[in-house]
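The values are calculated or read from the model by the stated rules, or taken from the named source; none is laboratory data. Small disclaimer: the values here were computed from a predicted structure and weren't measured. Here the Cβ positions follow ideal geometry from the backbone for every residue, glycine too, while neighbour counts run over all protein chains shown. To get the accessible areas, we keep the full protein, side chains included, count just its heavy atoms, and leave off ligands, DNA and RNA. Shrake-Rupley method; radii C 1.70, N 1.55, O 1.52, S 1.80 Å.
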Amino acid sequence: MVSSESRVVAGLKDHRSPALAVWLALLACAAVALPTLIAFNVPPSATFFNQAAAYVGWGGFLLVLGASMPSDAWSHVSRAATLLAAMALLLVLAFAGSLWRSVPWSISLSAMGTIASAILAIAIGAAATRNGLGDDVFTALCIALVVAGVACSAVGLIQVFAPAIPDGEWIAPSAIPGRATGNLRQPNHLSSILLWSVVAAVWLGERRVLPRAVAAALALLFVWGVLLTGSRTGAIGIATLCVWGALDRRLSQRGRHVLLAAPIAYALLWWITASLHSGQQAIGAGARVSGGVFESYNRFEIWANALKLAATHPWLGVGFGEFNFAWTLTPFPGRPAEFFDHAHNLVLQFAAELGFPLTLLVLGLIGHAAWRALRNALADGRTSAPTSRLLGPPSGDDSQRSGSMQRAAFVIVLMAGMHSMLEYPLWYSYFLLPTAFAFGLCLERPAPDARPGGIAEVNVTRPLVLASMLLMLGGTLAVYDYMRVVVIFAPPPGAGSLEQRIAEGRRSVLFSHHADYAEATTDEQADGSMSVFAGAPHYLLDSRLMMAWANALEAHGETDKASYVAARLKEFRNASADAFFAPCGSYKAVVTVPSTAPGPVPFQCLAPSRPLRFEDFR
């Protein structure tokens, strides 16, 4: 392996050779673009292969960067210390979730691996800037984002205007008819990728990697793609691009005009699209955007619930990774009907799971890092016009100006942060790792003696190189481990009995909770065995699992707990539970004893005889 790697990098030692730039761009495409384009997935996860591809791809990209810097490069990234400390604290809390709480180790280990990969991306990004490679690696990242944007835009256009073409193998059918959802199957995810692509296109135009006219045309395409998603988060992002263009006087006039015109282009493209294609496919995005910001917006309900959870558990929270478990098993009569597994707001997620003291500490560290990154973005970049500044007077010669890499990288982080206030994109590796890497790039300044160069002599004992190899290996082994549970839900010919497949799935290191779910919800679970409920409810409690759990509790003589779980299920008003509650009369009635019920009263019709909390079910 070492000799093979040595042959690869032998031609990259001369920093004037284009070989390093080509390799960085190709690896960046594998890390950033490829994960957004995988349509094929198998249950139980609709995005697992996308995320696994991101881990492996980023491992390769970071491996080359780690090999291109001195062996002690990671030890000089002091400005990134606060962000790394925040991530290290989250790593410890994920570990504590299984050590001192009731989170299954399979879930905690998955979270720990994800956080560790983000720490690596931050450290290498910061070290790259410190060692004078920041502009080069950010250019590679932007090339990958533009490639991803072009491909994702093509997928979105097909989903909206030719919905019969997607087959689920190469192009995923739209998850929401009439709206572009991309191969990631979520309109907000597609819109965020395309917003990043606009930033990347503008940057490449400023660096003259792309002709500025081409960069402007690509930005227009990406804005159209955002429109077709019908994402309100995307519309906010379009406005943010306009603000960037208004404030950053270091950009060229054409670059600023592209950004300032983004909202106008969004509105014009909406009108043109509706005029040229007035059928049902065009109505989806338009109806979503025109339906009003607050109409059917259940985020406010889940935010209110999360805040109440935080207020009732202010010191230590409900536990890292336990939001869904605690929220589902806490009475919220006016709760949203969906089964949420996140608070859809990063601040509220931390507050509910970690408690206020740790949340303030984590957010304080991240906020300090963000302030330092912003200061770097506001400072002069390494440009040919060192006297011009953000909000300062532009220089007279367009050809002598270039936007700071750290400003563009900061906008990428800002976009991810804004998305995190409305959803949970950072729980997906294909968002987390680019954000972490861009954040790292923002946090350092080039050392006075930094000398951009090619790949140094390879030494696999370097910490950054070794860690990158482990990331590639971990992503690859995760695929093998995932296939252990795939056979439960999508068995190939000759896969064996369901019992055998579940037994194989429970041997999975990272996904055994899926096997617990399968066993808990099968018809064979009639004996009320409780062992599988030690893990399955901590991943995602849904109606099927709650009914099975309630029946198992009743079979074990724990009628109060069974009635409590049934009462929480009834709050979701889920049609799949109609038969379960049929003996109780009106499905929407308050859980109580029906006055006309003949014979013994079913447990799901009873209110618990004693007060219970979600902690009683750990």
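Odds and ends about this structure:
- For the peptides 182-195, 329-342, 227-240, 298-311, the ranking by packing is 182-195, 227-240, 298-311, 329-342, with the highest mean count of neighbouring Cβ atoms within 10 Å listed first.
- Segment I165..A447, full-extension length gain: 96.3 nm, with 0.36 nm per residue of separation and the alpha-carbon distance subtracted.
- Ordering of 57-68, 245-256, 145-156, 491-502 by burial proxy (mean other Cβ atoms within 10 Å per residue, highest first): 57-68, 145-156, 245-256, 491-502
- Derived from the Cα gyration tensor, the three semi-axes of the equivalent ellipsoid of the stretch 92-194 are 33, 25, 9 Å, largest first.
- Rh (Kirkwood; distinct C-alpha pairs) - the stretch 197-264, Å: 11.7 Å
- Shown here is the pair-distance distribution of the stretch 467-541: with all Cα-Cα distances grouped in 10 Å bins from zero up to the longest one, the shares run 19, 45, 25, 9, 1 percent.
- In Hz, Karplus ³J(HN,Hα) per residue of the stretch 55-65 (6.51, -1.76, 1.60; θ = phi - 60°; x = Gly, Pro): 4, 5, x, 5, x, x, 4, 5, 4, 5, 5
- Part-to-part distance (alpha-carbon centres) for the stretch 138-176 and the stretch 207-239, which is given in Å: 14 Å
- Per-residue extension of 0.36 nm, minus the Cα-Cα distance of L307 and T476, leaves a gain of 57.0 nm for this segment.
- Burial ranking of peptide ranges 576-584, 202-210, 85-93, 117-125 (average Cβ count within 10 Å, highest at the top): 117-125, 202-210, 85-93, 576-584
- Pairwise label distance in nanometres, S576 with I176, each label 7 Å out on the Cα-Cβ vector: 2.1 nm
- Förster radius 45 Å - calculated FRET efficiency between A96 and L268, Cβ distance, rounded to 0.05: 0.30
- For the stretch 173-272, the solvent-accessible area of protein heavy atoms averages 34 Å² per residue (probe radius 1.4 Å; ligands and nucleic acids excluded).
- Distance distribution P(r), the stretch 460-511, all Cα-Cα pairs, bin width 10 angstrom from 0: 25, 36, 21, 14, 5 percent.
- Rounded Å value of the spacing that divides the Cα centres of the stretch 20-79 and the stretch 334-363: 29 Å
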